[in-house]
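Encoded as structure tokens, the structure appears first; notes follow it.
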Amino acid sequence: MQHVKVPQDRIGVLIGEGGETMREIESRSEVRLDIDSESGSVAIESVGDPVSALVAPDIVKAIGRGFKPETALSLLDSDMRRFELIDLSEQTRNDNDLRRQKGRIIGEDGRTRELMEELSGADVVIYGSTVGIIGDAEEVSAVRRAVGMILDGAPHGAVYAFLEDKHRELTRGPDLT
């Protein structure tokens, strides 16, 4: 049995209307979820295929970190799909620095985050002090690198150029010239 903590404001999303999302997670990943809506603690117990059950904690965490249930459930679609979380609080000095860096990652009107999604093919969510990424290994790696560049102070133009190069590589294969 595994336990995952979900923020209070995301419990309703995890349960879904009439328990619909919870039931879908349970049936598709062959687990039983015991959600304590007071504490936000979610106990995950495997009741079927243990391999499917291995993905359930990531699905619950992803929903807890701001992903739509459909996006989180896409982790079951392929062994290649990954969920990764970057904790910005570990890489920033204080709350002001955290706010500034989150703003840089989101970009004006959300444009930087959108470009990360468009050019990498991954889904990206900024929630609280975390950046969540769902995609295949290459897509997740590209977003992780782009976020790292932003945190290191790289100008947005350099980050966009990196993402565009990565996009060309992902869609065409590596440029061998």
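The values are calculated or read from the model by the stated rules, or taken from the named source; none is laboratory data. All of these numbers come straight from a predicted model, not from anything done at the bench. Cβ sites come from the backbone with ideal geometry, for glycine too, and all protein chains shown count toward neighbours.
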(Q) Take the conditions touching a Ser or Thr at 6+ places or on another chain (Cβ under 8 Å), assigned to a helix (DSSP H, G or I) and among the hydrophobic types (A, V, I, L, M, F, W, C) and apply them to LEU98. Does it pass? (A) yes
Q | Those residues of region 107-127 which are touching a Lys or Arg at 6+ places or on another chain (Cβ under 8 Å) and either of a type in the set (A, V, I, L, M) or over 28 Å from SER78 (Cα atoms) (or both), in sequence order | A | GLY107, LEU119, VAL124, VAL125, ILE126
**Q.** Out of ARG28, ARG32, sole residue that is surrounded by fewer than 18 Cβ atoms within 10 Å (Cβ to Cβ) and either aromatic (Phe, Trp, Tyr) or farther than 21 Å from GLY132 by Cβ (or both)
**A.** ARG32
Q: Just one of (1) modelled with pLDDT under 95; (2) outside the structural domain of ALA142 (by TED's automatic domain parsing); (3) polar (S, T, N, Q) trips up GLN91, so point out which.
A: (2)
Q) Conditions: (1) touching a Ser or Thr at 6+ places or on another chain (Cβ under 9 Å); (2) modelled with pLDDT under 95. GLY12 meets all but one. Number of the miss? A) (2)
Q) When both residues are 6+ apart or on different chains and their Cβ atoms are under 7 Å apart, which pairs have a first residue that lies in region 1-12 and is within 14 Å of GLU38 (Cβ to Cβ), and a second that is of a type in the set (A, V, I, L, M) and part of a strand (DSSP E or B)? A) VAL6/VAL42; ILE11/ILE35
Q | Test result for GLU90, within 30 Å of ALA154 (Cβ to Cβ), under 18 Å from the mean Cα position of the chain (by Cα), free of Cβ contacts under 8 Å to residues at least 12 places away in the same chain and exposed (fewer than 14 other Cβ atoms within 10 Å of the Cβ) | A | yes
